[in-house]
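Colleague: My questions will all concern the structure given below.
Read the figures in this text as sums done on the coordinates, not as results from a lab. Everything numeric here is computed off the predicted structure, so don't read it as measured data. Here Cβ is always computed from backbone atoms with ideal geometry, including for glycine, and neighbour counts include all displayed protein chains.
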Amino acid sequence: MTNPTGRNSGLTGTWKSRAWSSDERARNLERFLRTDPRDVGCDEAMAVLHIYVDLVAAGEDAAGRYPGVAAHLAACGPCDVDFAGLLLAVRVLGDSV
Ligand SMILES: [Zn+2]
């Protein structure tokens, strides 16, 4: 099959051209989602998540200060859920301070 654009579509092309088992697919999806080079990973994101949340809640440029954390939250569902929960808590509690 030739690619009409002449460009290598990379992961997406590989992705569609193979029939993976669901386990393999999950692993490859995970790897695909982690290809952002700025992604700091779960441990580091969690280590600064409270700071990140404070910045977001204060209307600061959290993603600009911590681009690696922003990249990670975009790629990691569980961490994004933690972030959303923490942000909600900060906003609710913040109103009473
Ligand atoms: Zn994570």
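Colleague: Order 55-64, 70-79 from most to least packed using the mean count of other Cβ atoms within 10 Å.
Modeller: Peptide ranking by packing, descending: 70-79, 55-64.
Colleague: Just to confirm a number: summing +1 for Lys and Arg and -1 for Asp and Glu over residues other than residue 73 whose beta-carbon lies under 10 angstrom from that of residue 73, what do you get?
Modeller: Values: positive: none; negative: 39, 80, 82.
My count for the surroundings of residue 73 gives -3.
Colleague: Under a point spin-label approximation (7 Å from Cα along Cα-to-Cβ), what is the residue 27-residue 81 distance to one decimal in nm?
Modeller: Result for the modelled spin labels: 2.3 nm.
Colleague: Each residue of region 48-56 in order: what ³J(HN,Hα) in whole Hz does its phi give by Karplus 6.51 cos²θ - 1.76 cosθ + 1.60, θ = phi - 60°, with x for Gly and Pro?
Modeller: Result, ordered by residue: 10, 4, 5, 5, 4, 4, 4, 5, 4 Hz.
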